[in-house]
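Visitor: So that we are looking at the same thing, I have put the structure below in structure tokens.
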Amino acid sequence: MGQNNNDYLLKIEDLDMQFKIPALKINTLKERVVNLFKGKKIKAKTLQVLENINCEIKKGESLGVIGHNGAGKSTLLKLVAGIYSPTAGKIDLKGSVVLLNLGAGFDMEANAEENIYLNGAILGFSRKEMKKRFNSIIEFSELQDFIKMPLKNYSSGMISRLGFAIAIDVHPDLLLVDEVLSVGDANFQKKCIEKIKALKESGVSFMFVSHNIQQVKNLCEKTLWIENSKVMGYGSSQEICDKYLEYCNNKKN
Amino acid sequence: MTNQKKWAKNKHIVQELVRRSVKTQYRNSVLGVLWSVLNPLLNMLVMWLVFSQIFGKNDPVYPVYLLTGNILFQALRSATEGSLTCLVNNRGLITKVKLDNFLFPLSSTLSSLVNFGFSFISLIIIMFFMQVIGGYQLFGFQILAVVLMLPAFLLFEYGISLFLSVLYVFFRDIKHLYRVFLTLWTYLTPVFYKIEAIDSSSAVYSILKLNPMYYYLTYFRDCVYNMNYLGQGVPSWKVLGLLYLCGVVFFLVGFAVYKGLNKKVISYV
């Protein structure tokens with residue numbers, strides 16, 4: 001590698017993630033005490049969610065993450081976002097990161113306006129700074145008529161519009177997109193993809209979880225394919241996506 | 001992220017959370033925030049009707065005595081009860097965005113401070129009435145000393161809040177236990193009765209003397225209204241020192257418990 005050793009934005013090395021899931025969930029004091037007297041031991045089952053993941057994203061480059069439901073894709077994004085800490089391995093991120101998944105950082109009881117400020121605060125922006133961005137966020141999301149409506153009355157498409165509009169307005173170095181485009185309508189999807197392309201040109205990196213393979217091919221230089229918590233393939237999107245589609249077809253027959 | 005940035009970010013989040021909780025409290029009521037002022041007044045009125053002939057016989061300004069006790073204890077109650085469920089209630093945020101969990105009990109504690117501020121207005125109103133109509137000289141400069149006890153009181157509340165919020169994640173039934181405990185605590189604090197009425201050799205009296213709220217309340221009353229005039233104490237530095245000691249100890253214990261359990265919170269919440 002030599003001289004290019006340092007210009008990565010994200011580097012994941014030998015990442016392992018396990019969840020400990022108790023065989024029966026005990027979350028009251030009463031049950032604890034009862035169990036103590038019964039002398040039952042609560043066994044925890046270990047669930048391996050990710051195993052030995054290695055990948056890298058360079059500045060301005062984008063990585064697609066594909067695989068079947070439950071393969072560990074969303075967990076991987078949450079690890080990169082720092083919500084979970086890995087069981088083993090290293091995640092080295094040089095820059096700011098925003099995770100975009102459906103309803104992340106939103107209070108469903110509050111309206112769009114309040115949520116923009118709350119979400120902005122979570123991303124590190126003061127109310128004053130968010131006020132400056134407010135109009136462009138509302139404009140992009142096209143939710144002008146629903147600003148004062150609580151989010152619980154929004155459709156999932158509308159929520160994803162709002163989330164997307166906020167995330168692109170704060171210009172992180174790395175934007176993690178978890179399946180949010182698929183709930184938007186065709187027009188909005190097109191608008192988002194154009195915006196993503198523009199952001200990519202300005203140097204923002206993306207990490208995409210998507211089941212829309214064509215989209216991954218179009219937007220990402222590289223793709224990571226995870227199946228049953230292990231890496232099945234990692235490389236150029238063209239190659240990996242074709243392999244994945246072939247695998248899916250074989251499985252069906 | 002640098003430390004400075006982190007602090008700024010946490011500050012913004014707490015501001016938004018406090019704003020949210022104060023706002024949602026009164027979202028669907030016509031009188032809005034005015035309720036925060038009216039509530040303690042009405043509460044006090046009820047208690048005054050019931051207790052004035054039993055506990056307040058020798059106290060010409062018993063309404064003020066009641067109100068001071070009520071609003072301080074209410075601050076503790078709302079801070080800790082709000083904190084108890086705050087992590088579980090915000091699981092949508094905790095599991096989906098990166099933020100420090102201690103911000104939730106903190107904002108619950110601070111919103112109770114905001115409400116305490118509103119309640120304080122009702123206290124001033126009642127004191128004003130008693131002074132103008134009853135002719136009692138209640139106001140004095142020592143009321144400013146209330147500010148001195150607030151940081152100690154907040155630390156005390158925050159310590160309990162931290163402790164309860166993480167514990168609730170693992171033991172959902174402590175909600176009911178804590179409610180019972182709060183009732184007991186209310187009765188073991190001289191909110192509406194006088195400590196002088198209790199036999200000083202009894203067990204209840206010694207428990208009372210071990211209750212931190214007794215000291216917070218005593219200091220608060222000594223500050224708020226001119227007790228000199230009624231032949232009672234003035235705010236003492238010694239008690240204030242005790243309040244800070246108690247606040248720091250509660251905070252440290254609460255924070256230690258939080259630190260110990262916080263890592264597991266995300267998978268249990």
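The values are calculated or read from the model by the stated rules, or taken from the named source; none is laboratory data. In this text, all values refer to a predicted model and were calculated from it rather than measured experimentally. We place every Cβ from the backbone using ideal geometry, glycine too, and count neighbours over all the protein chains shown.
Visitor: Regarding the stretch B:29-42, can at least one residue be identified that is of a type outside the set (A, V, I, L, M, F, W, C), within 11 Å of another protein chain (Cβ to nearest Cβ) and out of contact with any Ser or Thr (no Cβ under 9 Å at 6 or more places or on another chain)?
Guide: No: the stretch B:29-42 contains no residue that is of a type outside the set (A, V, I, L, M, F, W, C), within 11 Å of another protein chain (Cβ to nearest Cβ) and out of contact with any Ser or Thr (no Cβ under 9 Å at 6 or more places or on another chain).
Visitor: Give B:Leu72, B:Leu76, B:Leu93 a once-over and let me know the one that is within 14 Å of another protein chain (Cβ to nearest Cβ) and assigned to a helix (DSSP H, G or I). Outline the logic, then answer.
Guide: Values: B:Leu72 fails: within 14 Å of another protein chain (Cβ to nearest Cβ); B:Leu76 fails: within 14 Å of another protein chain (Cβ to nearest Cβ).
Answer to the check: B:Leu93.
Visitor: In addition: Being surrounded by 18 or more Cβ atoms within 10 Å (Cβ to Cβ) and not in a helix (DSSP H, G or I): is that true of B:Leu106 here?
Guide: Judged against the criteria, B:Leu106 is not a match.
Visitor: With the structure loaded, tell me whether A:Leu47 is at pLDDT 80 or above, among the aliphatic types (A, V, I, L, M) and surrounded by 14 or more Cβ atoms within 10 Å (Cβ to Cβ) or whether it fails that test.
Guide: no
Visitor: I'd like the full set of residues that are under 30 Å from B:Lys264 (Cβ atoms) and modelled with pLDDT under 95, limited to the stretch B:138-166.
Guide: none
Visitor: Only one of (1) more than 14 Å from chain A (Cβ to nearest Cβ); (2) without any contact (Cβ under 8 Å) to a residue 60 or more places away in the chain; (3) in a helix (DSSP H, G or I) fails for B:Arg221. Which number is that?
Guide: Of (1) more than 14 Å from chain A (Cβ to nearest Cβ); (2) without any contact (Cβ under 8 Å) to a residue 60 or more places away in the chain; (3) in a helix (DSSP H, G or I), only one is false for B:Arg221: (2).
Visitor: Residue by residue through the stretch B:147-159, note down the ones that are buried (at least 17 other Cβ atoms within 10 Å of the Cβ) and either closer than 30 Å to B:Asp59 by Cβ or without any contact (Cβ under 8 Å) to a residue 40 or more places away in the chain (or both).
Guide: B:Met149, B:Ala152, B:Phe153, B:Leu154, B:Phe156, B:Glu157
Visitor: I've got another one for you. Please report, ordered by residue number, the helices (runs of 4 or more DSSP H) entirely within the stretch A:74-190 with at least 2 residues that are within 12 Å of chain B (Cβ to nearest Cβ) and of a type outside the set (D, E, K, R).
Guide: A:112-122, A:156-169
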